[in-house]
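Scroll down for the structure; my scribbles are underneath it.
Since every read-out is calculated from the coordinates, none of them should be taken as a lab result. It should be emphasised that the depicted structure is a prediction, and the values quoted were computed from it without experimental measurement. Here Cβ is always computed from backbone atoms with ideal geometry, including for glycine, and neighbour counts include all displayed protein chains.
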Amino acid sequence: MIRLIIDSRLENVSLVGGAVRGIAETLSMDSTTSYQLELCVVEAVTNDIKHAYHLQAGHSVEVDVLLYPDRLTFRICDTGERMNPAKVRPFGFDPSKVETLPERGMGVYIMNSLMDEVHYETLGGQNILTLVKYLNKPEKSA
Amino acid sequence: MQLKHKKTNDVLIVRPLEKRIDASTAAEFKKKMGEWIDAGNRQIVLNLSEVDFIDSSGLGAIISGFKKIGNDGNLVICTVKESVMSLFRLTRMNRVFDIYASETEALDALSVKA
């Protein structure tokens with residue numbers, strides 16, 4: 001397991017993002033998949049800083065990276081305000097109506113779309129968002 | 001955030017020199033784009049050739065500029081890296097923005113629209 005810990009400031013998020021992209025590239029993932037993994041973790045960490053810690057510095061956001069034979073798992077942890085799933089608006093708009101285009105609220109949709117599993121739980125005062133990406137199994141040789 | 005910009009005829013070409021448009025830079029990007037639009041720029045090409053990471057905050061800032069121009073002009077995008085393009089497709093913003101392979105193609109398209 002690799003554990004990344006940053007202080008809750010938006011300028012620190014790219015440090016986690018770069019580390020995630022590096023891990024994905026080390027696992028020989030293509031550039032789009034590496035970008036998408038980085039994107040999901042960045043969305044999760046940014047949500048923690050914005051919504052769990054209300055943009056206040058001085059708190060920790062932890063990202064655990066766990067590699068299993070069949071999957072790559074990220075656990076993003078904070079001790080701030082718990083996310084209220086009821087407040088997460090469904091993503092949708094009418095492409096022909098400019099006024100309906102969303103400027104925010106896309107992060108959860110992105111994570112749910114790109115990751116194979118997304119779980120959220122609170123244990124002992126710690127909010128844990130778990131993102132799981134299944135790894136492609138190598139094809140058997142003939 | 002470093003944003004290179006130049007005016008060609010009536011078209012403002014904006015090229016972010018940063019590799020990332022994310023939550024830490026989106027507000028500044030949105031503010032700068034808003035200022036250029038308020039200054040009367042109605043034909044804008046956003047050249048993303050240097051950008052290899054955009055998150056939902058960055059995308060939201062681009063959308064904000066698009067909405068601010070509204071039906072009063074055009075904001076088109078060019079030279080989007082394939083990985084970043086996947087975000088436009090995922091969010092269906094590729095159906096909202098006109099996206100061109102090169103700056104020249106974007107300028108040609110705007111000259112037809114104008």
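Using a Debye calculation, one point per C-alpha and no hydration shell, please list log10 I(q)/I(0) for the protein assembly as shown at q = 0.11 Å⁻¹ in order.
Those come out to -0.62, one per q.
Roughly how many nanometres apart are two label points built 7 Å out from the Cα toward the Cβ at A:N112 and B:Q2?
Result: 4.0 nm between the two label points.
Calculate the FRET efficiency for A:I128 and A:E11 from the Cβ-Cβ distance with a Förster distance of 22 Å, rounded to the nearest 0.05.
0.40
How large is the helix-only mean residue ellipticity at 222 nm for chain B, computed as the sum of -39500 (n - 2.57) over DSSP H runs with n ≥ 4, divided by its residue count, in deg cm²/dmol to the nearest 500? Walk me through the numbers before you get to the answer.
On the way: 4 runs with 47 residues, N = 114.
About -12500 deg cm²/dmol.
For chain A: lysine pairs with Cα atoms under 29 Å, gap of 8 or more or different chains, count? Don't skip to the end; give the middle numbers.
Working: A:K50/A:K87; A:K50/A:K97; A:K50/A:K133; A:K87/A:K97; A:K87/A:K133.
Close lysine pairs under the 29 Å cut-off: 5.
Taking 20 °C and 1.002 mPa s as the conditions, I'd like the Stokes-Einstein D for the range B:3-113 in µm²/s, using the Kirkwood hydrodynamic radius from alpha carbon pairs.
Values: Rh = 13.7 Å.
Here the translational diffusion coefficient equals 156 µm²/s.
With the contact rule set at Cα under 8 Å and sequence spacing of 6 or more, what percent relative contact order holds for chain B?
Numbers: 179 pairs, mean separation 28.2, N = 114.
Relative CO of chain B lands at 25 percent.
Placing unit charges on C-beta atoms (Lys and Arg positive, Asp and Glu negative, everything else neutral), compute the dipole magnitude of the range A:2-134 about its Cα centre in debye, rounded to 20. Working shown, then result.
Values: 12 positive and 18 negative charges, 40 e Å.
So the magnitude is around 200 debye.
In a shell of Cβ-Cβ distance under 12 Å around A:L15, excluding A:L15 itself, what net charge do Lys and Arg (+1) and Asp and Glu (-1) give? Walk me through the numbers before you get to the answer.
On the way: positive: A:R9, A:R21, B:R20; negative: A:D7, A:E11, A:E38, B:D22.
The answer is -1.
Using the reciprocal of the averaged 1/r over all distinct C-alpha pairs, how large is the Kirkwood radius of chain A in Å?
Details: mean 1/r = 0.0621 Å⁻¹.
Averaging 1/r across every pair of different Cα atoms and inverting gives 16.1 Å.
Mean separation of Cα pairs under 8 Å and 6+ residues apart, divided by the residue count of the range A:2-134: what relative contact order is that in percent?
Relative contact order, the range A:2-134: 25 percent.
Short version: ³J(HN,Hα) in whole Hz for each residue of the range B:34-43, in order, from phi by Karplus 6.51 cos²θ - 1.76 cosθ + 1.60 (θ = phi - 60°), x for Gly and Pro, what are they?
Whole-Hz 3J(HN,Hα) from phi for the range B:34-43: x, 5, 5, 5, 4, 6, x, 6, 10, 10.
Mean-square fluctuation check for chain A, GNM, Cα pairs under 10 Å: which of A:T46, A:T79, A:T122 is largest?
Top of the fluctuation ranking is A:T122.
Amide H to amide H under 5 Å from A:L135: which residues, 5+ apart in sequence or cross-chain, H placed 1.01 Å off N in plane?
A:R71, A:L72
Using a Förster distance of 25 angstrom, determine the FRET efficiency expected from the C-beta separation of A:F93 and B:D98, and round it to 0.05. Working shown, then result.
On the way: r = 17 Å, r/R0 = 0.68.
Calculated transfer efficiency: 0.90.
222 nm [θ] for chain A, helices only, -39500 (n - 2.57) per DSSP H run of 4+, per residue, to 500? Spell out each step's value before the answer.
On the way: 3 runs with 39 residues, N = 142.
The helix-only estimate for chain A comes to -8500 deg cm²/dmol at 222 nm.
Summing Lys, Arg as +1 and Asp, Glu as -1, what charge do residues with Cβ under 12 Å from the Cβ of B:H5 carry, B:H5 excluded? Before the final figure, lay out each step's value.
Numbers: positive: B:K4, B:K6, B:K7, B:R15, B:K32; negative: B:E35.
The answer is +4.
Please find, in a Gaussian network model of chain A (springs between Cα atoms separated by less than 10 Å), the residue of A:V98, A:V20, A:V132 whose mean-square fluctuation is greatest.
Among A:V98, A:V20, A:V132, the largest mean-square fluctuation in the Gaussian network model of chain A belongs to A:V98.
Per Stokes-Einstein, at 10 °C and 1.306 mPa s, what whole-number D in µm² s⁻¹ belongs to the range A:81-131, with the Kirkwood radius over Cα pairs as the hydrodynamic radius?
Values: Rh = 12.9 Å.
D, rounded to a whole number, is 123 µm²/s.
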